[in-house]
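J.: Below is the structure I would like to discuss, written out as structure tokens.
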């Protein structure tokens, strides 16, 4: 299994992944679930204790809704645009996640109704 740490210094890669995750407003738990891995694996990668495989890096990028090249560029110090969630958007997402599934469906129905023109 080829690891990305050989291509980019591991510290830069972990820092870049954490920065992008923070900017998009998702937790390590959410990222792990979306990428099909564990929170501890995400934590080890972000804390420079483990280099991700290329497959894992692709899964993390997809979960963050960015391209691998954006993560690599960020790790090398070249900032590329990454969609940032506002404070309000992060708060709405936290509140939505805290809702019971049936309440969440009602909330989404209301939100969809409000956004229709």
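J.: Would you mind getting me the FRET efficiency between residue 88 and residue 44? Use the beta-carbon distance for r and R0 = 30 Å, nearest 0.05. Mind dumping the intermediate values first?
T.: On the way: r = 32 Å, r/R0 = 1.06.
With R0 = 30 Å, the Cβ-Cβ based efficiency is 0.40.
J.: A further question follows. Expected output is a single nm value to one decimal: the length gained when fully extending between residue 108 and residue 33, i.e. 0.36 nm times separation in residues minus the C-alpha distance. What is it?
T.: Numbers: separation 75, 0.36 × 75 = 27.00 nm, distance 2.19 nm.
Between residue 108 and residue 33, full extension yields an extra 24.8 nm.
We did not get these values from a lab; they are worked out from the coordinates using the rules stated. Everything numeric in this text was worked out from a predicted model, so none of it was measured. In this analysis, Cβ positions are derived from the backbone assuming ideal geometry, glycine residues included, and neighbour counts consider all displayed protein chains.
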